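Novice: Take a look at this one; I'll ask things after.
The values are calculated or read from the model by the stated rules, or taken from the named source; none is laboratory data. Small disclaimer: the values here were computed from a predicted structure and weren't measured. Cβ atoms come from the backbone with ideal geometry, glycine included; neighbour counts cover every protein chain shown. The area values use the complete protein model at the heavy-atom level, side chains included, leaving out ligands, DNA and RNA. Shrake-Rupley method; radii C 1.70, N 1.55, O 1.52, S 1.80 Å.
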Amino acid sequence: MNIKFFKRIYAVGALGLLLAVASCNSSNNFYKAPKVSAFRGGKLPAPPGMVYVPSGTILFKSSLDSGDVGKNISLSAFFIDATEVTNKQYREFVNWVADSIAVTDYLQDDRFFLDLASEDGEGRRINWKQVKRVSPLWRSSDPTIAEQIAPMIEMKGSQRALNPEVVKYRYSYLKTKGNLKNEYVTDTVSVLPTEDIWSRDFPNAQLTSLDANYFGHQSFDYYPVVGVTWHQARAFTDWRGKEMMANLMKNSYLAGYQLTFSLPTEAQWQYAAEGKLDPRDTVSGTRLTIDGQEGKQKLAVNYKQGEGTYSRDGATFTLPVKSYTPNAFGIYNMAGNVSEWTLDAYSPSAVAFVNDLNPVLLYDADEGDADALKRKVVRGGSWKDNGELLNSETRNYSVDYEPHSYIGFRCVMSAFEMPTTQSQTRRY
């Protein structure tokens, strides 16, 4: 072939290819990608009441480990409640469940529905805007409403109260039982906390005033809810996730993402509790447990300082959830006040079973299973615990059906990582 002709053909072909690529790029930029730049220091704006915890690594130990034994595990970014769930927040959940049941099962009132009545009455959507005008319905002074929802009410002395056998929340989840086949199940949970839990936990103490007022009275609105089982706490996280995604995410940067709510895994809880503080800032050190302002030593964690000594930290029982100082992540009372439910099933040697990335040990026991299979990890220590239980690594447990006056909880929500300065594009 003539060399000049070959060069001409090659040049024309190359030019055509370049023009074709240019044309392709002008219509869709498949092969372009922006340079990586840090996003607000790697922190995402958090949903209301939550803080963003970036990905990180901690030393994770089992109950059998001592010293530095254990293994390093890494956690993806997540959101976590800045405080323990309060009485006010949990009352909103209870009233929502009660309103739902009142409207769908007892009231014959079309104004509380968005849809026209169908033949079977199924599938009608509640008009929450209308319901909230009179919520909670079980406290309504309307005699017609009071008469129709009578099965939802029981009398406690002279006081009207909700019937726990009626006010139940139904939700579905993936049931996990070790090596057995996982399956989606629907669970129905009575949502009312055990209000006389104080006297149940401390039968030889005069605590009837707390029994009568702690959950219901507005003066305790911002105290941590207690008397809630692991199942009730899990039901709350399911409801809160649905409510937040429905009401708060419509105009949010999180709209469109599939994000889930749950109790924190114990690894998430430990990482959030440690807060990437200086190693000296531990519960066994001084700065977290004692605040030396103005030359005075003041306890900065709500716990039992010694036998029969509860009040030196500023409270005999629980405190409002934003007491003391938050840690480096902006999270309050990860040590003391109330211990907290986590998602994990309890095993003394859990570290041996779980992954080193986002570890969790899940086991959903059946009602007839032994209590040993119903144990759930509890973390953080409480107002009635001694100092050794407050350490972020200390593990404890309670069975999933037992409420206590010293166990509360907080929620986590899945998040996604944003580039930090470490991954920012640089010149070579």
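Novice: Mind checking which residues of segment 381-428 are more than 20 Å from the chain's Cα centre (by Cα), within 23 Å of Phe60 (Cα to Cα) and among the small types (Gly, Ala, Ser)?
Specialist: Within segment 381-428, Gly387 is the sole residue that qualifies.
Novice: What single numbered condition from (1) in a loop (DSSP other than H, G, I, E, B); (2) at pLDDT 85 or above; (3) hydrophobic (A, V, I, L, M, F, W, C) fails to hold for Ala117?
Specialist: The number of the failed condition is (2).
Novice: So which residues in segment 85-115 are under 19 Å from the mean Cα position of the chain (by Cα) and of a type in the set (A, V, I, L, M), if there are any at all? Spell out the reasoning first.
Specialist: So in segment 85-115, the residues under 19 Å from the mean Cα position of the chain (by Cα) come out as 85-94, 96-97.
Within segment 85-115, Val85, Val94, Val97 meet the criteria.
Novice: Another question, if that's okay. Say we look at segment 217-249 and pick out the residues that are modelled with pLDDT under 95 and in a loop (DSSP other than H, G, I, E, B); which of these is nearest to Asn337 (Cα to Cα)?
Specialist: Per the criteria, the residue is Leu248.
Novice: Would you mind stating whether Ala146 is in a helix (DSSP H, G or I), at pLDDT below 95 and of a type in the set (Gly, Ala, Ser)?
Specialist: Numbers: in a helix (DSSP H, G or I): yes; at pLDDT below 95: yes; of a type in the set (Gly, Ala, Ser): yes.
Yes.
Novice: Only one residue in Leu174, Leu180, Leu259 is open to solvent by 30 Å² or more (accessible area, probe 1.4 Å), of a type in the set (A, V, I, L, M, F, W, C) and part of a loop (DSSP other than H, G, I, E, B). Which one?
Specialist: Sole residue among the options that is open to solvent by 30 Å² or more (accessible area, probe 1.4 Å), of a type in the set (A, V, I, L, M, F, W, C) and part of a loop (DSSP other than H, G, I, E, B): Leu180.
Novice: Can you list residue pairs whose Cβ atoms sit under 6 Å apart, with the first residue in segment 137-149 being on the phi < 0 side of the Ramachandran plot and open to solvent by 20 Å² or more (accessible area, probe 1.4 Å) and the second being in a helix (DSSP H, G or I) and aromatic (Phe, Trp, Tyr)? Count only pairs 6 or more apart in sequence or on different chains.
Specialist: Taking only residues 6 or more apart or on different chains, the pairs are Gln148/Tyr106.
Novice: Any residue at all in segment 376-386 that is at pLDDT below 95 and outside any loop (DSSP other than H, G, I, E, B)?
Specialist: no
Novice: Also, I was wondering about something else. Those residues that are under 18 Å from Ile407 (Cβ atoms), open to solvent by less than 30 Å² (accessible area, probe 1.4 Å) and of a type outside the set (A, V, I, L, M, F, W, C), I need them from segment 304-322; list them, please.
Specialist: Lys304, Thr318
Novice: Sort out which residues of segment 156-171 are assigned to a loop (DSSP other than H, G, I, E, B) and either open to solvent by less than 30 Å² (accessible area, probe 1.4 Å) or among the hydrophobic types (A, V, I, L, M, F, W, C) (or both), and write them in order of number.
Specialist: Passing the criteria: Val166, Val167.
Novice: Okay, moving on. From the residues in segment 395-418 that are closer than 15 Å to Trp269 by Cβ and among the aliphatic types (A, V, I, L, M), which one is surrounded by the most Cβ atoms within 10 Å (Cβ to Cβ)?
Specialist: Ile407
Novice: Please give the strands (runs of 3 or more DSSP E) falling wholly within segment 33-107 in which 2 or more residues are at pLDDT below 90 and closer than 26 Å to Ser347 by Cα.
Specialist: Qualifying strands (runs of 3 or more DSSP E): 56-60.
Novice: Give just the number: which of (1) open to solvent by less than 40 Å² (accessible area, probe 1.4 Å); (2) of a type in the set (Asp, Glu); (3) assigned to a strand (DSSP E or B) does Asp211 not satisfy?
Specialist: (3)
Novice: Out of segment 362-382, which residues are aliphatic (A, V, I, L, M) and either closer than 19 Å to Phe236 by Cβ or surrounded by 22 or more Cβ atoms within 10 Å (Cβ to Cβ) (or both)?
Specialist: Leu362, Val377, Val378, listed by residue number.
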